[in-house]
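First the structure, in the form of structure tokens, and then the observations on it.
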Amino acid sequence: MRIWENRDAWGINNLVMSEVDAPGAPGDGEIRIRLRAAAVNYRDLVTVTNKTPFGKLPQIPFSDGAGEIVAVGAGVTRFVIGDRVCPSFFQGWIEGPPTARNRAVSLGSASHPGILQEEIVLNADYASAIPGHLDWIEAATLPCAGLTAWRALVVEGGIKSGDVVVVQGTGGVSIFALQFAKMLGAEVIATSSSDAKLARAKELGADHLVNYRETPEWGNAVLDITGGRGADHIVEVGGAGTINQSLAAAAVGGNILVIGILGGRSQELLMPAIFGKNLRILGISVGSRRHFEEMTSAISRHAMHPVVDRVFPFSDVPEALRTMEGAGHFGKLVVVLDA
């Protein structure tokens, strides 16, 4: 079977596609999945370039995929051959709060090979069925970006109808957050440096648009839009480059849900805003299998479709990562393993 890996060195240019033996029969409690599509996340770019130096060569990257079960091991009762599934990002977190133990193993990292391989054997406990109305490409976007947005707004944020949500930019997590927020009756303020992307966000239901290139102090714009009240939830993907504007934009008692570091890793914070507004700042890193299944249930009920910007053949994985690096996409980038 074909795989992509960083074999001897890190970097997009050092990714190597090669042929290896397919995995053998699954053991007790395991399933073998024929992967059909894999979604690209910013985390994959960071991993391939080893910008957080925790990798271990050789390493098969990518965490998000969807595929078909082609074999089941003894004792597996959750699935049968032919079921369509997504592997769990964390191979150990079924339910309950996050712990060091249940988050210790994640796909596409030093702790576990990723899904840029045509077949993979995993513990059956760490995969979930995908909504029947989604194709392979759409389903592959769910395990990281979709689940991160869901856990941020629904599980941790407790979003309710009428809440005001700010989504930063138009990448995968932000667009999922926009879709979930509108699904649940919230008012959405979308920010971007591109008027064209903001127009697309409006088509998805964004109620207010702010071009942060034209309005660098976009926190004040959020306050103006909300009559001085601020936003109940801010999906913070920019990190150091945006966190202080998020503090300015938040309502008293609001949630700043930190899921990204696109704008940098360190920044002096406006501390008075944190305690003065009684803000809740929470880091979000994906979620459990239970969270995933709650999310897919909602997606099925509302017949929601993830937004996919571009699809790449398996041979073009480096180009998919360069596209992610260029940050010109809207929604998700996906690699098809059949091509």
Would you pick out the residues in the stretch 292-313 that are crowded, with 21+ Cβ neighbours inside 10 Å, part of a helix (DSSP H, G or I) and not β-branched (V, I, T)?
F292, M295
Flagged in the stretch 114-130 as in contact with an Asp or Glu (Cβ under 8 Å, 6 or more places away or on another chain) and surrounded by fewer than 24 Cβ atoms within 10 Å (Cβ to Cβ), in numbering order, are V121, L122, N123, A124, S128, A129
Test: V72 is in contact with a helix residue (DSSP H, G or I) (Cβ under 6 Å, 6 or more places away or on another chain) and farther than 21 Å from E294 by Cβ
no
Do you know which residues across the stretch 185-219 are under 14 Å from A251 (Cβ atoms) and surrounded by fewer than 22 Cβ atoms within 10 Å (Cβ to Cβ)?
E187
When you scan the stretch 220-230, how many residues do you find that are surrounded by 22 or more Cβ atoms within 10 Å (Cβ to Cβ) and touching a Leu at 6+ places or on another chain (Cβ under 9 Å)?
1
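For (1) in contact (Cβ under 8 Å) with a residue 60 or more places away in the chain; (2) assigned to a helix (DSSP H, G or I), each residue gets a yes or a no:
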| position | (1), (2) |
| --- | --- |
| G55 | no, no |
| G82 | no, no |
| G92 | no, no |
| R101 | no, no |
| V121 | yes, no |
| C144 | yes, yes |
Can you find even one residue in the stretch 326-335 that is assigned to a strand (DSSP E or B) and farther than 14 Å from D44 by Cα?
no
Restricting the stretch 131-174 to residues that are within 14 Å of I284 (Cβ to Cβ) and hydroxyl-bearing (S, T, Y), the residue that is surrounded by the fewest Cβ atoms within 10 Å (Cβ to Cβ):
S174
Looking only at the stretch 17-53, filter to residues that are of a type in the set (G, A, S) and in a loop (DSSP other than H, G, I, E, B); which one of those is surrounded by the fewest Cβ atoms within 10 Å (Cβ to Cβ)?
G24
Would it be correct to say that T141 is among the hydroxyl-bearing types (S, T, Y) and more than 22 Å from I3 (Cβ to Cβ)?
no
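A quick yes/no check of all residues on (1) closer than 13 Å to V307 by Cβ; (2) under 18 Å from the mean Cα position of the chain (by Cα):
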position: A152; (1), (2): no, yes
position: T170; (1), (2): yes, yes
position: V173; (1), (2): yes, yes
position: E187; (1), (2): no, no
position: S194; (1), (2): no, no
position: K202; (1), (2): no, no
position: G219; (1), (2): no, no
position: G230; (1), (2): no, no
Filter the stretch 194-241 down to the residues that are at pLDDT below 95 and of a type in the set (A, V, I, L, M, F, W, C), then identify the one that is farthest from L257 (Cα to Cα).
A240
Just a yes or no: is a residue in the stretch 236-257 free of Cβ contacts under 8 Å to residues at least 60 places away in the same chain, assigned to a loop (DSSP other than H, G, I, E, B) and of a type outside the set (S, T, Y)?
no
Examine the stretch 210-225 for a residue that is part of a strand (DSSP E or B), without any contact (Cβ under 8 Å) to a residue 24 or more places away in the chain, in the same structural domain as V165 (by TED's automatic domain parsing) and not hydroxyl-bearing (S, T, Y), and state whether such a residue exists.
yes
Can you find a residue in the stretch 290-311 that is more than 18 Å from the chain's Cα centre (by Cα), polar (S, T, N, Q) and modelled with pLDDT of 95 or more?
yes
Suppose the filter is more than 20 Å from Y42 (Cβ to Cβ), assigned by TED's automatic domain parsing to the domain that holds T323, among the hydrophobic types (A, V, I, L, M, F, W, C) and at pLDDT 95 or above; does W136 pass it?
yes
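The values are calculated or read from the model by the stated rules, or taken from the named source; none is laboratory data. Since we're looking at a predicted model, the values are computed, not measured. With ideal geometry, Cβ positions are generated from the backbone for all residues, glycine too; neighbour counts draw on all protein chains shown.
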